[in-house]
Amino acid sequence: MDLTPYVDNLRQELAVAADAGGDEARALAERLTAPLESATRLTLLNALSAAMGEVTRELAPGSVDVRLRGLDPEFVVTPPPAPEPFQETQTTAATPAAMAPPPPPADTDDGAMARINFRLPAHLKSRAENAAAAEGLSVNAWLVRAVSTALDGGERATPPGRGKDSGGRGFTGWVR
């Protein structure tokens, strides 16, 4: 989504409003429009992100995410999984196993992701953020590892290049 037309429209509206104030106001508006462009883009991104959060709540378990590519946001829609079609099975008194629910799937790491809404107290959130930052991980990656470790009985190891013993091999930050 190209935000430029919206930013340009705001710039034009500011110029029209400044015209009513005379030459001094017009000159001030021209000086302010360039520095306000990045703030305007950030505000629009925040509004889009909040809107997509509301859409995601309505679509759950589907989701809509806003990703920033260059200067423009991109929407990524993850539809909810399609319901499995109903299959009628014939059962007889001699086959009670046919009525039993299917066994749970084996624990495999096929790379598929699932999204959940996770609420925790503010004091735990800040502790999780601090722990993740100390290990050079995002909060999400840290939580995934913590859940995996808890479920696997502590058998999961820290990925290479991460954590306290990484020797400075991990990188974080913005890339262009």
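Bear in mind that the values in this text are calculations on the coordinates, not laboratory data. Everything quoted here is computed from the prediction, not taken from an experiment. No Cβ is skipped: glycine too gets one built from the backbone with ideal geometry, and neighbour counts run over all protein chains shown.
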Open item on the list: Calculate the FRET efficiency for ASN9 and ALA150 from the Cβ-Cβ distance with a Förster distance of 45 Å, rounded to the nearest 0.05.
Closed with: 0.35
TODO: Work out the FRET efficiency for MET1 and ASN140 from their Cβ-Cβ distance, taking R0 = 25 Å, and round it to the nearest 0.05.
DONE: 0.55
Task: Contour minus Cα-Cα distance for ARG115 and SER38 (0.36 nm per residue) - done: 24.6 nm
- [ ] Provide the FRET efficiency to the nearest 0.05 for the ALA122-ALA60 pair, computing r from the beta carbons and using R0 = 25 Å.
- [x] 0.60
Task: ³J(HN,Hα) computed for each position of the range 117-133 - Karplus, 6.51 cos²θ - 1.76 cosθ + 1.60, integer Hz, glycine/proline x - done: 8, 10, 10, 9, x, 4, 5, 6, 4, 5, 5, 5, 4, 5, 5, 5, 4
